[in-house]
Amino acid sequence: MLERVLFRSGVRRMADGASSSEGACMPAHTYPRMMDLEDFSLPEVDPASQTDPDEDDTSSEPPPPDPNLLSITRDDLAAMQQQARDEGYAAGAADKDAELQAFYTGCLAELTNAFKAENARRDQALAKASQVFVATVVDIVRSLTALDGTVLQGMQRDLLADAASFARECEGDVTVQCSSADIQRLQAALQTDSGVQVEALSDLAPGIIRISTAANTIVIDPVQWRKNMAEKIVASVTALARERMQHNTGQA
């Protein structure tokens, strides 16, 4: 350790009449001189350990808190991170659910519209097919009623049966006049009716039947009869076909 000492050097003079034992008086022409001396008897001290007392006082005092800084523990930080993660997952799941819901709603709407369009197309096709069917049936019936007499023998038998039935319904004595070609069938149909008399006339064409009573005379013309029967058949078939068409359309 170095110590600074001050000593005086120079010429030392004694005052007149004074002894050296009385002490020294102030010398003349002296000046101070600084020297660095080291004392090896003192223990060595680390200069880094020597601190300024003023610095120790300032370092021992805690610094004022910074309002912009936030202190948080590790557990609180982990909890906040987990909470943020859970909230993010929940928000993402909600968004995806909304997207899926919108997607499925759009798909169902498209399917519904497609089914409606397909049903409308089928209804239109069914209605058109039904109309074609009705027209075809009507044409077939009309063509059947326009055939010649050899094909319409069954209708001729129905004509004679209708004439016999009409004669039975008349009151009083009834006379039925027909051609020689129809008399046998009319007699067989009216043989049990005692009030009906069947006669054959040569001037009557086959199929023409004249029914006479005391009040009226009715002539049955096979052509007109077939026409009336054809109209009834066409009307019945048309009504039945239209009813079936409406029923099928309602089920579709």
Query raised in the report: Which residue pairs have Cβ atoms under 9 Å apart, sit 6 or more places apart or on different chains, and have a first residue in the stretch 108-127 that is surrounded by 10 or more Cβ atoms within 10 Å (Cβ to Cβ) and a second that is in a helix (DSSP H, G or I)?
Result: D123/T249; L126/M245; L126/N248; L126/T249; A127/M245; A127/T249
**Report entry** Test for S165: is it crowded, with 16+ Cβ neighbours inside 10 Å, more than 30 Å from K128 (Cβ to Cβ) and among the polar types (S, T, N, Q)
**Finding:** no
Query - Single residue of A98, A24 found to be out of contact with any Ser or Thr (no Cβ under 8 Å at 6 or more places or on another chain) and either modelled with pLDDT under 90 or in a loop (DSSP other than H, G, I, E, B) (or both) - result: A24
Query raised in the report: Looking at the stretch 177-190, is at least one residue out of contact with any Gly (no Cβ under 8 Å at 6 or more places or on another chain), loosely packed, with under 14 Cβ neighbours inside 10 Å and in contact (Cβ under 8 Å) with a residue 24 or more places away in the chain?
Result: yes
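The values are calculated or read from the model by the stated rules, or taken from the named source; none is laboratory data. These numbers were taken from a predicted model, which means no experiment stands behind them. Glycine also receives a Cβ, built like all others from the backbone with ideal geometry; neighbour counts cover every protein chain displayed.
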